[in-house]
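These notes concern the structure reproduced below.
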DNA sequence: ATACCACTTACAGACATCGTAAGGTTTCCT
DNA sequence: AGGAAACCTTACGATGTCTGTAAGTGGTAT
């Protein structure tokens, strides 16, 4: 279940929002105090934040801007006034969506759903082993603070190695998953691409993570496991 | 602050884990009951799950497997026995890392940190506007359940449009950010690439989101905002 | 009506990627 | 030690994608 955090000072609206979201199957929580709101929100690890622009103390816009600096969640802005300038300000500050109050529950849910969906979609493409993470659509491989975009063939091999981890992947498995044929016509092509993959990996300081097991195949060896 | 959820039935170890993690600056929470553990964990939206394999009722392996089907968080497996077969089983089920009990706090923290870091890195590359999300490294554009990988020039243009949203981007701005020169030698090249970008976007059902403002430049227009 | 701006399609050069070829190195067994 | 098998590496040409140029069409404002 996804957690949605609400920053809204109007008690009635707040309760209504919580009710609506809970009914839709979300976990809804509201901020109780607006002191250190940024810290408090980050601490709650929300999947989505719904933010009123008129908060006591600090402006909601200010908060939005600060959250967005390191936010890994989408932000939906609520406002009482429905003017174009409000909308532009909100979206200019990095908000992901914008709604005028009052709004119909279905409308809110639809917006929330859309924001969460996109976010999920990007994460679902990630294949992860130890400190490594591979986007199987783009073959972007991330490790710690470095990344690398692999060519298609290298990416397919890496994917297979990660999916099979920590098992050894036989050559015929690699051939069938990368080239779609069990009977490898040319033994060499695999070795060439292994070589290329290793060179690419060493480019971000990942030497020796692809190991050959003589006569068996290849394994991934992520350090420290 | 990042939330780490712990599924461990041994009370002493559980408290120790919580203590260690909190001292390291994480928000640590433990499961109190192991009924509907999957549901409970998902509900907590963890940034990381630490999972003992020996839980009352269900096997930790089983739980791990089920969580991983839709998990958007890494899982670290704990086990009492330090055998290779345990490790292989755990990692084979999609666990992201594996540790034998007892283990030193520094070791645990180091592992946790590494898992969380990778995850963050992938998300930090995302630029988001409304339902759209663009990976600025690979130019993968995700919208709802569809995605598309843009060519470099198209991607740069899209990035500029998203970064400037909801403002209009002037042609000279586009020239300087995409081609690195204010004085556009050939006016046409921008139009050609705009045309290509629009065609690419329409491939995933996103017609009419790039609009031209005569004499001013281009704007992104995401529907429903 | 016309001048300007915007759009589209076709083409060719540049570039990255891929498989082939050929020769070198390591490992294992006798 | 020696030889064969498995594995590794580098170089090269074919292929395909991406990019900018060119040229012509369509739309809009004065």
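Here, each number is a calculation from the coordinates, and none is a lab measurement. Treat the numbers as computed from the prediction; the structure is a model and nothing was measured. Cβ sites come from the backbone with ideal geometry, for glycine too, and all protein chains shown count toward neighbours.
Which distance in nm do the two modelled labels at residue A:106 and residue B:107 give, with both placed 7 Å along the Cα-to-Cβ direction? In this crude label model, residue A:106 to residue B:107 measures out at 5.7 nm. Please determine, in degrees from 0 to 90 and to the nearest 10, the orientation of helix B:60-70 with respect to the longest principal axis defined by the Cα atoms of chain B, where the helix direction is its Cα long axis. Taking the Cα atoms of chain B, the angle to B:60-70 is about 10 degrees. Dividing the Cα radius of gyration of chain A by its Kirkwood radius returns 1.16 for Rg/Rh. What whole-number distance in Å separates the alpha-carbon centres of the stretch A:123-140 and the stretch B:7-31? Measuring centre to centre over Cα atoms gives 28 Å. Once the Cα atoms are used to define both axes, helix A:152-164 deviates from the longest principal axis of chain A by about 80 degrees. Chain B holds its axis-closest Cβ, relative to the rotation onto A, at the residue and whole-Å distance B:138, 2.
Put the Cα centre of the stretch B:156-225 next to the Cα centre of the stretch A:37-57 and the gap is 32 Å. With N as its number of residues, the stretch A:95-165 has a Cα radius of gyration that, divided by 2.2 N^0.38 Å, comes to 1.58. In nanometres and ascending order, the distances from the residue B:105 label point to those of the other copies are 4.7 (point 7 Å from Cα along Cα→Cβ). Cβ crowding within 10 Å, taken as a proxy for footprinting-reagent exposure, orders B:139, B:12 from fewest neighbours to most as B:12, B:139.
If you take each beta carbon of peptide B:110-117 and count the beta carbons of other chains within 10 angstrom, what is the mean?
Working: counts 1, 4, 0, 2, 7, 4, 0, 6.
That average works out to 3.
Taking the DSSP bridge list for chain A and keeping only pairs wholly inside it, about 50 percent are antiparallel.
In this assembly of identical copies, the label point of residue B:207 (Cα plus 7 Å along Cα-to-Cβ) is separated from its counterparts by 5.6 nm, sorted shortest first. Other protein chain C-beta atoms within 10 Å of residue C-beta, averaged over A:131-143: 5.
Approximating the spin labels as points 7 Å out from Cα along Cα→Cβ, the residue A:40-to-residue A:19 distance works out to 2.3 nm.
Calculate the FRET efficiency for residue B:65 and residue B:207 from the Cβ-Cβ distance with a Förster distance of 51 Å, rounded to the nearest 0.05. Mind showing how you got there, number by number?
On the way: r = 41 Å, r/R0 = 0.81.
E(calc), rounded to 0.05, equals 0.80.
Distances, shortest first, from the label point of residue B:58 to those at the same position in the other copies read 3.8 nm; the point lies 7 Å along Cα to C-beta.
Of all beta bridges DSSP finds with both residues in the protein assembly as shown, what is the antiparallel percent, to the nearest 5?
Working: 35 of 67 bridges.
Among the beta bridges of the protein assembly as shown, antiparallel pairing accounts for roughly 50 percent.
Principal-axis analysis of the Cα atoms of chain A puts helix A:11-23 at an angle of about 40° to the longest axis.
Among B:154, B:39, the order by Cβ neighbours within 10 angstrom, fewest to most, reads B:39, B:154.
What shape does the stretch A:3-124 have by the C-alpha gyration tensor, where a ≥ b ≥ c are the square roots of the eigenvalues, rounded means a/c under 1.5, and otherwise prolate means a/b greater than b/c and oblate the rest?
Working: a/c = 1.15, a/b = 1.09, b/c = 1.06.
Cα axes put the stretch A:3-124 in the rounded bin.
When Rg and Dmax are taken over the Cα atoms of the protein assembly as shown, they come to 23.9, 71 Å.
Counting only C-alpha contacts under 8 Å and six or more residues apart, can you give the relative contact order of chain B as a whole percent?
Details: 311 pairs, mean separation 26.8, N = 225.
Here the relative contact order equals 12 percent.
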